[in-house]
1. Take the conditions over 14 Å from the mean Cα position of the chain (by Cα), of a type outside the set (S, T, N, Q), within 15 Å of ligand 2 (Cβ to nearest atom) and buried (at least 16 other Cβ atoms within 10 Å of the Cβ) and apply them to Leu52. Does it pass?
2. Being under 20 Å from Lys79 (Cα atoms) and in contact with a Leu (Cβ under 7 Å, 6 or more places away or on another chain) is the filter here, so list the residues in segment 6-59 that pass it.
3. Which residues, taken from segment 33-62, are closer than 11 Å to Ile3 by Cβ and in contact with a helix residue (DSSP H, G or I) (Cβ under 9 Å, 6 or more places away or on another chain)?
4. So, Thr83, is that one over 10 Å from the mean Cα position of the chain (by Cα) and free of Cβ contacts under 8 Å to residues at least 12 places away in the same chain or not?
5. Kindly establish whether Pro39 is crowded, with 18+ Cβ neighbours inside 10 Å, within 8 Å of ligand 2 (Cβ to nearest atom) and under 10 Å from the mean Cα position of the chain (by Cα).
6. Does segment 63-74 include one or more residues that are within 12 Å of ligand 1 (Cβ to nearest atom), touching a helix residue (DSSP H, G or I) at 6+ places or on another chain (Cβ under 9 Å) and at pLDDT below 95?
7. Looking at Thr17, is it of a type in the set (Ser, Thr, Tyr), touching a Pro at 6+ places or on another chain (Cβ under 9 Å) and within 13 Å of ligand 2 (Cβ to nearest atom)?
Amino acid sequence: MKIEIDESRCKGCNLCTVGCPYKIFQAGKKPNRKGVLVPLLDRPERCTNCRLRHLYGRVLCGVCQMTCPDQAIRFRDEKPGETVKVAIEY
Ligand code: SF4
Ligand code: SF4
């Protein structure tokens, strides 16, 4: 499982940077082509959904996705052969 931000939808409101308990979303620093400061992802493999959603078979957090007013955040499964990175924090 991976988190992605759809740059074509994101308007840089930074609500996701406030809500994530792991501070995975960090305020963007460089404007994109549309002048939007799209947040950066800091070690997204720490996300509870990315780590444990398959194991428990349900959404475990999803605050970022629920908060985003533009539906710019999505979770997707890795493609076959794509590296799966997992991080566990105590
Ligand atoms: S699902 Fe929760 S832990 Fe994962 S990135 Fe979103 S807010 Fe952070
Ligand atoms: S909440 Fe959505 S629109 Fe706002 S900065 Fe985050 S991804 Fe972009």
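The values are calculated or read from the model by the stated rules, or taken from the named source; none is laboratory data. Note that the structure is a prediction, hence the values are computed from the model and not measured. Cβ sites come from the backbone with ideal geometry, for glycine too, and all protein chains shown count toward neighbours.
1. Details: over 14 Å from the mean Cα position of the chain (by Cα): yes; of a type outside the set (S, T, N, Q): yes; within 15 Å of ligand 2 (Cβ to nearest atom): no; buried (at least 16 other Cβ atoms within 10 Å of the Cβ): yes.
For Leu52, the condition - over 14 Å from the mean Cα position of the chain (by Cα), of a type outside the set (S, T, N, Q), within 15 Å of ligand 2 (Cβ to nearest atom) and buried (at least 16 other Cβ atoms within 10 Å of the Cβ) - is not met.
2. Once the filter is applied, which keeps residues that are under 20 Å from Lys79 (Cα atoms) and in contact with a Leu (Cβ under 7 Å, 6 or more places away or on another chain), segment 6-59 yields Thr48, Asn49, Leu52, Arg53.
3. Scanning segment 33-62 gives Pro39, Pro44, Glu45, Cys47, Asn49, Cys50, Cys61, Gly62.
4. So Thr83 fits the description; yes.
5. Criteria met by Pro39.
6. no
7. On the way: of a type in the set (Ser, Thr, Tyr): yes; touching a Pro at 6+ places or on another chain (Cβ under 9 Å): yes; within 13 Å of ligand 2 (Cβ to nearest atom): yes.
So Thr17 passes the test.
The rows are residues; the columns are (1) under 13 Å from Cys20 (Cβ atoms); (2) surrounded by 15 or more Cβ atoms within 10 Å (Cβ to Cβ); (3) more than 13 Å from ligand 2 (Cβ to nearest atom).
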site	(1), (2), (3)
Pro44	yes, yes, no
Cys61	yes, yes, yes
Met66	yes, no, no
Lys79	no, no, yes
